[in-house]
Amino acid sequence: MRRFGLTQWLMLAPAQMLLCATIALPALAVLWLSFTESTYGSGGKFVGFANYVAVWHDVYFWRAAKNTLIVVHIVIYTELFLATLMSVGFAGLKHRRLLVSIILMPYAISEVVAVIIWKFLMDANVGAVARSLVAIGLPQMQWASDPNAGLALVATVSIWLNLPFSFLLIFAAVLSVPKERLEAASVDGAGVWRRFWHITLPAIAPTMLVALVFRYIIAFRLFSEVWLLTAGGPARRTEVLAVYLYKQAFSYANFGMGAATGWVMVLVSLLFGIGYIRLLHSRGFARG
């Protein structure tokens, strides 16, 4: 393995200083804030772990954590399944460029605008999607008053918004699978499922893990979809951790608890992410 010398470190120094200034220093400032009692007009009084204890004993925090974990795992695994299904299906089509362009369309829309459009489409009175679902015999989705329906809509919008990211990564991996191996397996009598399971899936597995890690990190900060659709209601039953943090810091002016919540989110996502990263290293990069 090539070792870094002084020249290499000096070349990396500007980028490292930029990362330190934009990420490390603000993170440390928030960490210090989490140990203080701070609000508007207050410089902050050191209270130790009092904010973390308060968060630990807050029933709304645990409800938000539960909602976050449920929605995040539904979103990332549904995205992974759909992205893989579409990638394998599109790989053999002649007019796949048009289909890929359609899949990428959500990325051309602002996240806030997209959520507002979905909110209008799912309006029980005038929403085209909501009325269409009722027309085909499905029950009306009371997402504004039913917490389960609200979280389901949040998950749906998040999947629609972020599916292009997972799709692009996995589709590129599917296209890189050697056609000779697939053709040889077909000649030997392997069906579509066996070719996918024994050739395509092992080849794209590292890329799927990369998509999984990135989407987990991004999805854990879920905020816009919940805030714009339900604002955490009814009765704070659709809150996620990012919304809980926002309310603690800016609605209730409790900056200390907001900062503590932020660091809890970092630690929890890190704990979950370590497992995926270790798996990614052992199954993907380590083999290379």
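The values are calculated or read from the model by the stated rules, or taken from the named source; none is laboratory data. Predicted, not measured: the structure shown is a model, and the values here were computed from it. Using ideal geometry, Cβ is built from the backbone for each residue, glycine included, and neighbour counts are taken over all protein chains shown.
Quick notes on this one:
- Qualifying residue in region 201-211 (condition: among the β-branched types (Val, Ile, Thr) and more than 22 Å from residue 75 (Cα to Cα)): no
- Residue in region 106-126 that is assigned to a helix (DSSP H, G or I), of a type in the set (Lys, Arg) and farther than 18 Å from residue 214 by Cβ present: yes
- Scan of region 136-154 for residues that are among the small types (Gly, Ala, Ser) and modelled with pLDDT of 90 or more, ordered by number: 149, 150, 152
- Options 157, 174; residue that is among the β-branched types (Val, Ile, Thr), within 24 Å of residue 241 (Cβ to Cβ) and either modelled with pLDDT of 90 or more or under 27 Å from the mean Cα position of the chain (by Cα) (or both): 157
- Close pairs (8 angstrom Cβ cut-off, 6 or more residues apart or separate chains): closer than 13 Å to residue 240 by Cβ in region 68-88, polar (S, T, N, Q) and surrounded by 18 or more Cβ atoms within 10 Å (Cβ to Cβ) anywhere: 71/158; 75/158; 75/162
- Count - residues of region 230-241 that are in contact with a Phe, Trp or Tyr (Cβ under 7 Å, 6 or more places away or on another chain) and more than 11 Å from residue 65 (Cβ to Cβ): 1
- Residue that is surrounded by the most Cβ atoms within 10 Å (Cβ to Cβ) [pool: residues in region 111-149 that are among the aromatic types (Phe, Trp, Tyr) and in contact (Cβ under 8 Å) with a residue 12 or more places away in the chain]: 143
- Restricting 91, 108 to those that are surrounded by fewer than 17 Cβ atoms within 10 Å (Cβ to Cβ), more than 29 Å from residue 228 (Cα to Cα) and out of contact with any Lys or Arg (no Cβ under 9 Å at 6 or more places or on another chain) reduces the list to 91.
- Selection from region 45-55 of residues that are surrounded by 15 or more Cβ atoms within 10 Å (Cβ to Cβ) and in contact with a strand residue (DSSP E or B) (Cβ under 8 Å, 6 or more places away or on another chain): 47, 50, 51
- A single entry from 93, 182 fulfils the requirement of being modelled with pLDDT under 90, under 30 Å from residue 206 (Cβ atoms), assigned to a loop (DSSP other than H, G, I, E, B) and out of contact with any Pro (no Cβ under 9 Å at 6 or more places or on another chain): 93.
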